[in-house]
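Input: one structure, supplied below.
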Amino acid sequence: MTLSPSILIASLSSFLFLLIVFRLIIRNRTKPATRKHLNLPPGSFGWPLLGESLAFLRASRDGAPERFLRERVAKHGSPQVFKTSLLGERVAVLCGPAGNKFLFGNENKLVAVWWPSSVRKLFGKCLITSIGEEGKGMRKMLLTFLGPDALNRLYISAMDAVTQQHISTHWQGKEEVKVYPTMKLYTFELACRLFMSLEDPKHIEKLAFQFNIFLKGVIEIPLYFPGTRFYSAMRAAAAIRKQLVAIIKQRRVALEQKTVSPSQDLLSHLLASSDDNGRFLTEAEIINNILMLLFAGHDTSSSAITLIMKNLAELPEVYEKVFRGWS
């Protein structure tokens, strides 16, 4: 009897998947016994490996993440805190004003910023995943180009040029424009220009394609297995990093030949600057931080601009006031 290649591949894939699941279940069940004696809040860790991630992701994709919280607060009768398992991590969820006050009043005292393992694996060592003195050093280097003073000094003219070009290309002469997807492209174009002086539309389009795949796997169960969003995101991140390596190589040559200024953009600044101890960021750290900044300014800015345009279109009296104020 012979097996076709497709059946053989499917069988091997199924076996590997079951092996990974079995290993993770065993790992979760062999956690230190001391956890059993901890004073944990009410709640449930859900299914092995998956936890309650599917319910959380489903509520988030429906645009109602608060539904996940309300259902568990009602189920467990605990309006302040409940335990759960999300994205492969056991967590406590603090609810209400008291919980927020506790978190924001005790940052770097009783609590520290934490990201799911999917985020840490995708972004690597960068500003949001670094803590302590290392994180402070990165923050100081980045704030030179991200602080309020940098807006007028470095960005206004470039933002104006990118905006005019974007409107000319994607808006003028169009009978219909889908605002949110167009705004996502606009904010990505703008970030590429401001952070890396990248202007080639084809290069930006190639990066944007991989970046959109990357975005879908950031808040996902970190299963590195073909077919999962996290697997696709990791591969997209690798493709983006490969392109950024080439950009950095060209920029190093330009800096050595003094054909560009060390203060030209964020990339040049990170390549040419050191921290207070004289340490330069590694190439991987520079790439990770640029990837992090592309992510940080993408969906949030696109959503904000889209909602502003929606409200201005629906409220002509507000639009007129804004227009007169701008004029």
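FYI, it's all coordinate maths here, none of it is from the lab. Since the structure is predicted, the reported quantities are computational estimates derived from the model, not experimental observations. Every residue, glycine as well, gets a Cβ built from its backbone with ideal geometry; the counts of neighbours run over all protein chains shown.
Each label point is 7 Å from the Cα along the Cα-to-Cβ direction; what then is the distance between the points at Lys178 and Lys216, in nm?
1.3
Shifting gears a bit: Given a Förster distance of 56 angstrom, what is the FRET efficiency for Leu143 paired with Lys75, based on the Cβ-Cβ distance and rounded to 0.05?
Numbers: r = 43 Å, r/R0 = 0.77.
Taking R0 as 56 Å, the efficiency between Leu143 and Lys75 is 0.80.
In nm, what is the difference between 0.36 nm times the number of residues separating Asn152 and Gln264 and their Cα-Cα distance? Don't skip to the end; give the middle numbers.
On the way: separation 112, 0.36 × 112 = 40.32 nm, distance 1.40 nm.
That pair, Asn152 and Gln264, stretches by 38.9 nm at full extension.
Taking the chain as the reference, fit the longest principal axis to its C-alpha atoms, fit the long axis of helix 156-170 to the helix C-alpha atoms, and give the angle between the two in degrees, 0 to 90, nearest 10.
In the chain, helix 156-170 runs at an angle near 80 degrees to the longest axis.
Shifting gears a bit: Return the sequence-ordered ³J(HN,Hα) values of the stretch 92-99 in whole Hz as given by the Karplus equation 6.51 cos²θ - 1.76 cosθ + 1.60 applied to θ = phi - 60°, using x for Gly and Pro.
Coupling constants for the stretch 92-99: 10, 9, 8, 10, x, x, 5, x Hz.
Could I ask something else about it? Between their Cα atoms, which of Lys121/Lys242; Lys125/Lys242; Lys121/Lys202; Lys83/Lys109 are more than 23 Å away from each other?
On the way: Lys121/Lys242 16 Å; Lys125/Lys242 17 Å; Lys121/Lys202 28 Å; Lys83/Lys109 21 Å.
Check vs 23 Å cut-off fails for Lys121/Lys202.
Compute, for the stretch 39-112, the length of the dipole vector about the Cα centre, with Cβ point charges of +1 (Lys, Arg) and -1 (Asp, Glu) only. Units Debye, rounded to 20. The partial results should precede the final answer.
On the way: 10 positive and 6 negative charges, 21 e Å.
Its charge dipole is roughly 100 debye.
Compute the long axis of helix 132-146 from its Cα atoms, compare it with the longest principal axis of the Cα atoms of the chain, and write down the angle in degrees, 0 to 90, nearest 10.
Once rounded, the angle reads 30 degrees.
As a check on your grasp of the helix formula, calculate [θ] at 222 nm for the chain: sum -39500 (n - 2.57) over DSSP H runs of n ≥ 4, divide by the residue count, round to the nearest 500. Show your work: numbers first, answer last.
Details: 14 runs with 203 residues, N = 327.
Taking each H run of at least 4 residues, the total per residue is -20000 deg cm²/dmol.
For the stretch 39-112, what are Rg and Dmax over the alpha carbons, in angstrom?
Calculated on Cα positions, Rg and Dmax stand at 12.7, 35 Å.
Next question. With label points built 7 Å along Cα→Cβ from the Cα atoms of Arg120 and Asn311, find their separation and express it in nm.
About 3.8 nm separates the two model spin labels.
Moving on. Suppose each label sits 7 Å from its Cα in the direction of the beta carbon; what would the Phe104-Ala64 distance come out to in nanometres?
Inter-label distance under the simple model: 2.7 nm.
Another one. Is there a quick way to get the dipole size of the chain? I mean about its Cα centre, with the Cβ of Lys and Arg at +1 and of Asp and Glu at -1; what is the value in debye to the nearest 20? Working shown, then result.
Details: 42 positive and 27 negative charges, 284 e Å.
The dipole of the chain has a size of about 1360 debye.
Could you state the orientation-averaged shadow area of the convex hull built on the Cα atoms of the chain, in nm² to one decimal? Show your work: numbers first, answer last.
Working: hull surface 101.4 nm².
Convex hull of Cα atoms, orientation-averaged projection: 25.4 nm².
Treating the angle as unsigned and between 0 and 90°, give the value, to the nearest 10°, between the Cα long axis of helix 179-196 and the longest Cα principal axis of the chain.
70
Name the long-range amide H neighbours of Ser85: under 5 Å, sequence gap of 5 or more, or other chain; modelled H, no Pro or chain starts.
Result for Ser85 returns Glu52, Val91.
Report ³J(HN,Hα) in whole Hz for each residue of the stretch 201-210, in order, from the Karplus equation J = 6.51 cos²θ - 1.76 cosθ + 1.60 where θ = phi - 60°; Gly and Pro get x.
x, 5, 5, 5, 4, 5, 5, 5, 4, 5
What full-extension length gain, to one decimal in nm, is calculated for Ala304 and Glu134 as 0.36 nm per residue of separation minus the Cα-Cα distance? All intermediate terms of the calculation are to be shown ahead of the outcome.
Working: separation 170, 0.36 × 170 = 61.20 nm, distance 3.16 nm.
Here the segment from Ala304 to Glu134 would lengthen by 58.0 nm.
Just in the stretch 170-272: which chymotrypsin sites (Phe, Trp or Tyr not before Pro) are loop by DSSP and have at most 16 other Cβ atoms within 10 Å? It would help to have the intermediate numbers written out before the result.
On the way: sites: Trp171, Tyr186, Phe188, Phe195, Phe209, Phe211, Phe214, Tyr224, Phe230, Tyr231; in loops: Trp171, Tyr224.
Qualifying residues, ordered by number: Trp171, Tyr224.
If you don't mind, there's one more thing I want to ask. To the nearest 20 debye, what is the magnitude of the charge dipole of the stretch 216-289 about its Cα centre, counting +1 on the Cβ of each Lys and Arg and -1 on the Cβ of each Asp and Glu?
Details: 10 positive and 7 negative charges, 78 e Å.
Once rounded to the nearest 20, the dipole reads 380 debye.
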